[in-house]
1. Take V108 and tell me if it is modelled with pLDDT of 85 or more and under 25 Å from L206 (Cα atoms).
2. Quick check on G62: is it in contact with a Leu (Cβ under 6 Å, 6 or more places away or on another chain) and closer than 15 Å to T284 by Cα?
3. Out of the residues in segment 33-59 that are touching a Ser or Thr at 6+ places or on another chain (Cβ under 7 Å) and more than 30 Å from L287 (Cα to Cα), which is surrounded by the most Cβ atoms within 10 Å (Cβ to Cβ)?
4. When you look at V219, is it modelled with pLDDT of 80 or more and either farther than 15 Å from I157 by Cα or touching a helix residue (DSSP H, G or I) at 6+ places or on another chain (Cβ under 8 Å) (or both), yes or no?
5. Just give me the residues in segment 181-196 being touching a strand residue (DSSP E or B) at 6+ places or on another chain (Cβ under 8 Å), open to solvent by 50 Å² or more (accessible area, probe 1.4 Å) and not aliphatic (A, V, I, L, M), in sequence order.
6. Among the numbered conditions (1) assigned to a helix (DSSP H, G or I); (2) modelled with pLDDT of 75 or more; (3) open to solvent by less than 70 Å² (accessible area, probe 1.4 Å), tell me where H227 comes up short.
7. Is it the case that I285 is in contact with a helix residue (DSSP H, G or I) (Cβ under 6 Å, 6 or more places away or on another chain), over 21 Å from Q63 (Cβ atoms) and at pLDDT 85 or above?
8. Tell me, which helices (runs of 4 or more DSSP H) lie completely within segment 27-143 with 2 or more residues that are free of Cβ contacts under 8 Å to residues at least 60 places away in the same chain and closer than 19 Å to P249 by Cα?
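The values are calculated or read from the model by the stated rules, or taken from the named source; none is laboratory data. The shown structure was predicted, so the numbers you read here are calculated from the model rather than taken from an experiment. Note that we place each Cβ from the backbone using ideal geometry, even for glycine, and neighbour counts take in every protein chain shown. Heads up: the accessible areas ignore ligands, DNA and RNA and are worked out on the full protein's heavy atoms, side chains in. Shrake-Rupley method; radii C 1.70, N 1.55, O 1.52, S 1.80 Å.
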Amino acid sequence: MTLLDRYLARQVLWFTSLVTVVLVTLGALFSFIEQQSDVGIGTFSMLDAFIVTMLKMPKQAGQLLPIGALIGSLLGLGNLARGSELVVMRSAGVSVVRLASAVAAAGVVLVCAGALIVEYLAPPLDAYANEVRTFGKYANFSFAGKAGIWLKDGTRIVSVQSQGADSIYGGIYVFDLASDADGRQRLSAVARASSATPAQNHGWVLGDFESVVLSGEGVSAHREPTHQFETGINADLLGAAVQDPDVLPVRGLFRYVHHLRENGLASRRWEIVLWSRIARMLSTIILCVLAIPFVLGPLRSSGAGARMAIGIAIGVVYVLVNRTLENSGDVYGLSAYFVAWAPLLALTLIAAIAVARTG
């Protein structure tokens, strides 16, 4: 990158950082107000509400980054336009495509920073925030009422009823299936355990284990204080099934989608979340470039307030379209690729046409 490219990128990065901080602060304020209804329930205190709010800020930063990038680019480039610096650059022979490339480079930096936050910082902090809130209000909790969480591993089906602490689960039921002479699957064994904790070398350690084996020769029962349980369902997969998909990192979503496909289970909902997450992060680059037509086109003489209002409107519309497709994609059986990439492709086309017309 040349000195000019770095200068433009710094402007975009600086104003985007400021805007994102403001947006995250406002989001944290609303989140803290929301926590007040839980204060006093169980041992959940005002300090816990503050801790939960702070722990959720990285997740909010990742979610608000695309809008922050658009508004920040509008403000940063608008500041250059107001000082006639963009006019001087254009007079010196710098093309609109060159300006867009420098702004896109800043968008790439923002995507990398956002990916690090969303992948490595936000998930563990958000998971811990949920633990502080949940276990502060309740000693333990059920995943889904009496239904629990159900997972399939080949011919084995596992049901988990509740979680009492981090990676300690209760109400475990295991159903083993076997094929008969006609190729039909039948129940071959049933087991239950009061608790399950991850073992050091894969699998689980089940406490208060009881099992019943069904065979042509009859029924046999077995009981153990602890039982080493081998299965492909590890703590990460169980955590993926328990957690909100929006909390999981992309690598966790990849693993869980692969597990669902291997076992012939419906994976569209998780695929939509996975590809939408990736597309939404990449949209940061396009939203940065979209600011170019506004500062060099018809709105170049408008104030910062007008450009910010337009930026917020465009960002809100894009987010609403994204969320609407994500929420309705699984209901109407839409392709995960269409739901995730159609809005981004439409946004890219609009940005490309706008930049071309500006040049």
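1. no
2. Details: in contact with a Leu (Cβ under 6 Å, 6 or more places away or on another chain): no; closer than 15 Å to T284 by Cα: yes.
No.
3. Taking the candidates together, the pick is Q35.
4. yes
5. Looking only at segment 181-196, we keep the residues that are touching a strand residue (DSSP E or B) at 6+ places or on another chain (Cβ under 8 Å), and these are 185-196.
Those left that are additionally open to solvent by 50 Å² or more (accessible area, probe 1.4 Å): 185-187, 192, 194.
Within segment 181-196, Q185, R186, R192, S194 meet the criteria.
6. H227 satisfies every listed condition except (1).
7. no
8. On the way: elements: 46-55, 57-82, 85-91, 96-116, 122-137.
Output list reads 57-82, 96-116, 122-137.
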